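Structure first, commentary second.
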Amino acid sequence: MKSVLAPDRAVFLVFLVSVMFMGYAVDRSSFAQVLLGYSLAFAAFFHLVESKDRMSVKRMWIYALTLRLILLFSIPKLSNDYFRFIWDGLVQWEGMSPFAHLPSAVQRLEWAELYMGLNSKDYYSVYPPVMQSVFRISTALSGTSILGNLIFMRAVLILADVLLIKVGYKLLELLKRSQQDMVFFALNPLVILECTGNLHFEGMMMAFALLGIYMLARASEKPGLKAILLGGIAMTTGVLTKLTSLLAFPVLVRRIVWVNTLLISVLSSLVMVFAFWPLMDVETLHNMASSLDLYFRNFQFNSSLYNVVDALTAKEIPHYRAEIIGPWIAGSGALFMGLLILFRKAKDWTAYMETFLFVLSIHLLFASAVHPWYIVNLLAVSLFTRFRYPVVWSFTAVLSYQFYGLGYESPFLLVLEYLPVIGYAIWEFRSRPSLIQDMQPR
């Protein structure tokens with residue numbers, strides 16, 4: 001066994017060095033550096049995936065925690081969103097609401113370094129209450145210290161990954177799927193670098209969402225009141241972390257009886273109202289809505305279908321194109337998601353997870369901005385299905401960082417990112433035709 005594991009340890013060392021390079025030394029403006037670091041990390045990851053059948057749970061935990069903890073003291077190299085996280089925490093600590101005050105209108109001399117790093121000086125915050133609570137606690141403990149805040153928030157996100165992996169093991173066992181598939185998340189470089197390294201909260205959101213799904217699934221077909229309460233609260237906590245997990249709720253109507261779905265929806269609505277209650281004034285709600293509207297209308301990054309429609313309408317709509325086509329594309333995506341939920345039967349919890357995966361995929365297909373860390377959502381849900389195209393995307397998503405090196409989005413590299421994902425997804429659908437077979441009226 002020792003001789004068999006020796007190559008794996010050597011590969012892990014390469015993995016560790018590449019993650020350290022991406023966390024501490026990479027230059028985002030050098031696409032060659034980013035691509036090299038990611039490629040080495042993924043080469044090591046794919047080798048470990050191939051040997052997962054002989055990897056013990058203990059060894060996987062050691063690898064997963066080591067790769068995350070090694071980034072504990074790093075300054076994010078691929079994203080500067082953390083400046084806004086710290087800023088929102090400081091604003092709250094001063095007794096103000098980040099939803100009511102623009103950074104450009106609130107300045108302190110001791111916050112000058114943070115202010116210079118902000119990429120959203122003229123936008124109100126859009127981060128939900130759970131994230132805001134993390135920001136506030138972080139600044140309460142660390143003040144204006146950037147590294148202190150990063151260490152605290154990173155520790156929270158590592159704990160969230162631990163929760164997701166532990167819940168994931170239990171859910172895989174419940175669904176009678178191989179627990180060794182957890183390696184696709186636990187050791188995935190995208191998860192490690194984007195969640196732990198660059199401080200994005202998708203992993204925390206999915207940890208709460210999966211915890212709620214597990215509670216409902218464990219209660220079988222007729223969940224009791226306790227399961228509804230606990231499962232609903234856990235899933236709602238995911239929504240209060242990041243709004244994307246809200247897409248898990250409508251899919252429930254195809255898995256459990258509509259009365260229980262209604263109860264969960266009512267409970268979740270009450271929890272969200274309670275969480276947002278301090279913000280419930282007309283001006284604050286308007287500010288949040290305006291920031292979200294600006295994001296969906298004005299921001300375009302690494303999109304697929306949106307880019308195609310944008311190119312095709314360039315001549316007919318030469319000006320303010322995003323404001324016109326944005327709502328239409330988003331509405332079309334919502335329509336497709338609704339039809340999928342309406343007609344696809346979720347005969348068991350595996351089928352529920354597949355529908356959830358397809359809904360998230362449609363959401364990203366029609367989105368105007370697809371940042372690499374958004375793929376973490378797909379990756380987490382895909383663990384409990386037969387589909388692995390999100391794993392392919394977790395690698396090709398690195399091509400989106402071309403923008404910071406080239407200064408623009410190369411259509412060739414966009415095609416190179418999406419073509420393997422779409423091709424592999426089509427192959428999986430043809431090989432595992434559950435999507436069509438399970439389509440039927442309610």
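If you bin every alpha carbon distance in region 12-149 into 10 Å steps from zero, what whole percent lands in each bin?
Bin by bin from 0 Å, the calculated values are 11, 32, 25, 22, 9, 1.
Note down the Stokes-Einstein diffusion coefficient of the chain in µm²/s, whole number, using a Kirkwood radius over alpha carbon pairs, 10 °C, and 1.306 mPa s.
Numbers: Rh = 22.8 Å.
Diffusion coefficient, whole number: 70 µm²/s.
Fewest Cβ neighbours within 10 Å first, please rank Ile264, Ile158 accordingly.
Ranking Ile264, Ile158 by Cβ neighbours within 10 Å, fewest first, gives Ile158, Ile264.
Name the residues whose placed amide hydrogens come within less than 5 Å of the amide hydrogen of Arg344, ignoring near sequence neighbours (fewer than 5 apart) on the same chain.
Distant-sequence amide H within range of Arg344: Gln440.
Which far-off residues, 5 or more places away or on another chain, put their amide H under 5 Å from the one on Phe301, with H placed in the peptide plane?
When sequence neighbours closer than 5 places are left aside, the close amide H contacts are Ala369, Val370.
Which of Lys121, Lys77, Lys58, Lys347 comes first, and how do the rest follow, when ranked by fewest Cβ neighbours within 10 Å?
If I rank by nearby Cβ atoms, fewest first, I get Lys58, Lys347, Lys121, Lys77.
Arranged by the count of other C-beta atoms within 10 angstrom, fewest first, what order do Glu194, Glu409, Glu173 take? Each step should come with its number before you reach the end.
On the way: Glu194 25, Glu409 17, Glu173 11.
Sorted ascending by nearby Cβ count, the order is Glu173, Glu409, Glu194.
Based only on Cα atoms, what Rg/Rh ratio does region 300-437 have, Rh being taken as Kirkwood's radius?
0.99
Quick one: length gained pulling Asp122 to Arg430 fully straight, 0.36 nm per residue minus the C-alpha distance?
Between Asp122 and Arg430, full extension yields 106.2 nm more.
Show me the chymotrypsin sites (Phe, Trp or Tyr not before Pro) within region 42-93 that DSSP assigns to loop and that have at most 12 other Cβ atoms within 10 Å of their Cβ.
Of the chymotrypsin sites (Phe, Trp or Tyr not before Pro), the ones in loops of region 42-93 whose Cβ has at most 12 other Cβ atoms within 10 Å are Phe73.
If you take the charge dipole of the chain about its Cα centre, with +1 on Lys and Arg Cβ and -1 on Asp and Glu Cβ, which of Gln300, Leu357, Leu216 is farthest toward its positive end?
Comparing the listed Cα positions along the dipole, Leu216 ranks first.
Once every DSSP H run of n ≥ 4 in the chain is given -39500 (n - 2.57) and the sum is divided by its residues, what mean residue ellipticity at 222 nm do you get, rounded to the nearest 500 deg cm²/dmol? Before the final figure, lay out the partial values.
Working: 21 runs with 287 residues, N = 442.
One gets -21000 deg cm²/dmol as the mean residue ellipticity at 222 nm.
Quick one: which residues, 5+ away or cross-chain, put their amide H under 5 Å from the amide H of His200? H built at 1.01 Å from N.
Cys195
Tell me which DSSP H helices of the chain clear both cut-offs, 20 Å or more of axial length from alpha-carbon atoms and a mean Kyte-Doolittle hydropathy of at least -0.5.
Span-like helices, by this rule, are 2-24, 31-50, 146-174, 202-218, 225-239, 258-276, 282-298, 321-343, 349-365, 411-431.
We did not get these values from a lab; they are worked out from the coordinates using the rules stated. Predicted model only: the values in this text are computed from it and were never measured. Positions of Cβ are backbone-derived with ideal geometry, glycine not excepted, and every protein chain shown enters the neighbour counts.
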